[in-house]
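A quick write-up on the structure given underneath.
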Amino acid sequence: MKVSLSFERSFSKDVAIMVDVLRASTTITVALEKIPNIIPTLEIEEALAIAPEHQAFLAGERGGATIEGFDVGNSPLEIQNLRGETLIITTSNGTRILEGIRGRALIGSFINAQAVAEKARKIATSHIEVVMAGVRGKFAIEDFLGAGEIISHLRDQELDEMAQSACMAIQNPQLVDQAVKNSRSARNLRKLGFGQDVDFCLQRDKSHLVPEFKDGLIRILE
């Protein structure tokens, strides 16, 4: 099985795992514990327009800040307070990456790294691609390290050199945590009052849920 790591763009027609550690991947995974249907949108206006027909909660951010009028931000801690049938989420990076995946689209982060890696191994035929979301077109160290955590559970496969480097980079968990907490994204979140979200997102294998994006909807992949 080939395992590759890419940035922003997805190339595989087999299985791709989108990684947006701070915070879309984590928030979506947590939300699925209580809300079975999640609709990601690219634009705020679209989210607002379709919310009434779905009787849905609204979650989202721009630049890390909660969107005015939304029920919650893109926060894994805040999302735990919601319970219902449908959530609509729009974020700066993660939802955009999902739209560009051509194969089966899974969602991964530190909190479900082992689960998403094992599920990808089961459903893939020849190629597992891990896609780093980044931040508005720029490399984000937290996504690189989150990808490495997932790839570490696939290290017995045929890793490309990018995948190998990410896997090697997460060998010291303390250094990984330090790097993520000092990242550009984490500093921005702390300024906005979301410092606890960063700590939450760094928990390893807290969840066994694997989100799958299919036909415009995110659900748990059984």
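The values are calculated or read from the model by the stated rules, or taken from the named source; none is laboratory data. Small disclaimer: the values here were computed from a predicted structure and weren't measured. Because the Cβ atoms are built from the backbone with ideal geometry, glycine has one as well, and the counts that use them run over all protein chains shown.
Checked against the criteria, residue 9 does not count as touching a Ser or Thr at 6+ places or on another chain (Cβ under 9 Å), basic (Lys, Arg) and assigned to a loop (DSSP other than H, G, I, E, B). Residue 51 passes every criterion in (1) modelled with pLDDT of 95 or more; (2) within 16 Å of the chain's Cα centre (by Cα); (3) not in a loop (DSSP other than H, G, I, E, B) apart from (2). When you look at residue 94, is it at pLDDT 95 or above and not hydrophobic (A, V, I, L, M, F, W, C), yes or no? So residue 94 fails the test.
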